[in-house]
Amino acid sequence: MPEPQHTLTDQVPTGPPRITSAFTVSFRAVQVAENPLFQAPPEARPTDLFAVKVNRCSIPAYRFVRVDNQNQLLVFTAGACANSGTDNAHAGWAISIGPQIVIKGELNPDPETPAAIGSDNARYTSNRAELWAICVALTLRVWKGEGFTTIVVATDSEYVVKGYCEWLPVWKQRNWKTARGADVTNKDLWQQLEKAIQKVANSGTQVLFWQVPRAWNEANRYAQEAAVWIPFEPQFVVPNAVDQGSPGDPQLLHGDRPVALLIC
């Protein structure tokens, strides 16, 4: 499919975000979505359905908000792996949550982190990077505190979308075994994703998945950049953190772990 004529991520806001309306937050728990597949109109692009708008938070920030539903947030997530299948494999992940607000990192630079312990011996793969990116995106903020009751995760990974929406219930019924009796690959991260989605639901927000063409995934090129970083080097948000309230203030990260985040 052709490249979109413009992207949401590359847009430059004309000024700092400002509170536009009052919003009373209720953190009443909701059920995890029974049908977690986002129902987009045929051929609809992210730029058709979402636009750059200010969230409804005491600390205002620009986000990708549904044009006709201010309660719906779009988040791009992506994972990539350089030299996949070799001893030199190195994976990276990235998420885009607003205009010029991109967070990216290496996958599991520290072998002691929980995400590095799994049935596949913590191999570097793009699939693991895809799953980790979504876990980071969902737990990055208290999204209900920004006024969002739905998070739409836009990813080009069929593995993630079909895995969560179709295969996961069957895996759990089989006690995390495949149809052939083998252990489910990346079980640790699937379980971590499930916990993250439940935690978001407990605060009042549901999660939906939208599989988009790779050309439309605005986090993809940043994940590819992250996959070739030198391990353990600290990296920054690209290119500025409007999220922090002052443009030009980068958000420091080290590997998988953000150093500091503001919570509404």
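The values are calculated or read from the model by the stated rules, or taken from the named source; none is laboratory data. Here the structure is a predicted model, which means the values were calculated and not measured. Every residue, glycine as well, gets a Cβ built from its backbone with ideal geometry; the counts of neighbours run over all protein chains shown.
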Subset of segment 51-66, residues touching a Phe, Trp or Tyr at 6+ places or on another chain (Cβ under 8 Å), surrounded by fewer than 22 Cβ atoms within 10 Å (Cβ to Cβ) and of a type in the set (A, V, I, L, M, F, W, C), comes to Ala51, Val52, Val54
Selection over segment 130-187 where residues are under 18 Å from Ala226 (Cβ atoms) and assigned to a loop (DSSP other than H, G, I, E, B) yields a count of 3
Filtering segment 64-93 down to residues that are in a strand (DSSP E or B), in contact with a helix residue (DSSP H, G or I) (Cβ under 7 Å, 6 or more places away or on another chain) and more than 16 Å from Ala133 (Cβ to Cβ) yields Arg66
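Yes/no matrix, rows are residues, columns are (1) of a type outside the set (Val, Ile, Thr); (2) touching a Pro at 6+ places or on another chain (Cβ under 9 Å); (3) modelled with pLDDT under 95:
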{"site": "Gly145", "(1), (2), (3)": "yes, no, yes"}
{"site": "Glu158", "(1), (2), (3)": "yes, no, no"}
{"site": "Tyr164", "(1), (2), (3)": "yes, yes, no"}
{"site": "Lys177", "(1), (2), (3)": "yes, no, yes"}
{"site": "Ala182", "(1), (2), (3)": "yes, no, yes"}
{"site": "Lys195", "(1), (2), (3)": "yes, no, no"}
{"site": "Val207", "(1), (2), (3)": "no, yes, no"}
{"site": "Trp210", "(1), (2), (3)": "yes, yes, no"}
{"site": "Val237", "(1), (2), (3)": "no, yes, yes"}
Sole miss for Trp229 among (1) modelled with pLDDT of 90 or more; (2) over 17 Å from Ala33 (Cβ atoms) is condition (1)
Here the residues within segment 198-222 that are of a type in the set (Gly, Ala, Ser), over 14 Å from Thr155 (Cβ atoms) and touching a Ser or Thr at 6+ places or on another chain (Cβ under 9 Å) are Gly204
Residue pairs within 8 Å by beta carbon, gap of at least six or interchain, first lying in segment 1-20 and modelled with pLDDT under 75, second of a type in the set (Ser, Thr, Tyr) and loosely packed, with under 13 Cβ neighbours inside 10 Å, listed first then second, are Pro16/Ser246; Ile19/Ser58
Those residues of segment 151-190 which are among the hydrophobic types (A, V, I, L, M, F, W, C), crowded, with 18+ Cβ neighbours inside 10 Å and within 24 Å of Phe50 (Cβ to Cβ) amount to Ile151, Val152, Val153, Ala154, Val160, Val161
Of the residues in segment 160-194, those that are among the hydroxyl-bearing types (Ser, Thr, Tyr) and more than 13 Å from Phe209 (Cβ to Cβ) come to Thr178, Thr185
